[in-house]
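> Supplied in structure tokens, the structure appears directly below.
Since every read-out is calculated from the coordinates, none of them should be taken as a lab result. Everything numeric here is computed off the predicted structure, so don't read it as measured data. Cβ atoms come from the backbone with ideal geometry, glycine included; neighbour counts cover every protein chain shown.
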Amino acid sequence: MADEDDTLPNGYRVVKGDGVNYMIYAMGRMTYLWGKDAEEFKPERWLVNGVFQQESPYKFAAFNLNQAGPRICLGKEFAYRQMKIMAATLLHFFRFKLEDESKEPTYKVMFTLHIDKSLHLYAYPRSA
């Protein structure tokens, strides 16, 4: 809630008592930030000549609007580490295939990204 009347950097006027919110889903798909392929899952967009290029932590809002500094989510680094360990473990022991490779996954618009209905995968143990 706005404590007083104010004007946002884009010129939009906010009146005392107004609520201001942000949509992480929409921010993650802004073409002026991510390019014309903003809707596509492309982890390689952070690679230049095969090397990871660090982005400003302020560019991502999934854990907090302030992605750097004293107000950052305390669990962010732990969550990232757990996610990487789990992904590495699964990818080490299994290879995955879509149940129906001709079917494109569809998404459900919510506060966070959800797969609409379900996404069926087959997990095949990797041979030693």
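> Taking each pair of distinct Cα atoms in the chain once, what is the resulting Kirkwood hydrodynamic radius in Å?
On the way: mean 1/r = 0.0539 Å⁻¹.
Hydrodynamic radius (Kirkwood, Cα pairs) of the chain is 18.6 Å.
> Moving on. On a full-extension model of 0.36 nm per residue, what is the gain between Leu8 and Gln53, subtracting their alpha-carbon distance, rounded to one decimal in nm?
Residue separation times 0.36 nm, minus the Cα-Cα distance, leaves 13.1 nm.
> Ok, one more. Using mean Cβ contacts within 10 Å as the protection proxy, how do 46-56, 30-40 order, highest first?
Final packing ranking: 30-40, 46-56.
> Determine the sum of side-chain charges near Met1: Lys and Arg each +1, Asp and Glu each -1, restricted to other residues whose C-beta is under 13 angstrom from that of Met1.
So the environment of Met1 carries a net charge of -4.
> If you place +1 on the Cβ of every Lys and Arg and -1 on the Cβ of every Asp and Glu, how big does the dipole about the Cα centre of the chain come out, in debye to the nearest 20?
Numbers: 17 positive and 16 negative charges, 108 e Å.
Here the chain has a charge dipole of around 520 debye.
> Ok, one more. Along Cα→Cβ, 7 Å out, is where each label goes; now give me the distance between the ones at Lys36 and Asp18 in nm to one decimal.
3.5
> Under 27 Å from the Cα of Lys42, which lysines turn up, not counting those fewer than eight places away in the same chain?
Lys59, Lys76, Lys84, Lys97, Lys103, Lys108, Lys117
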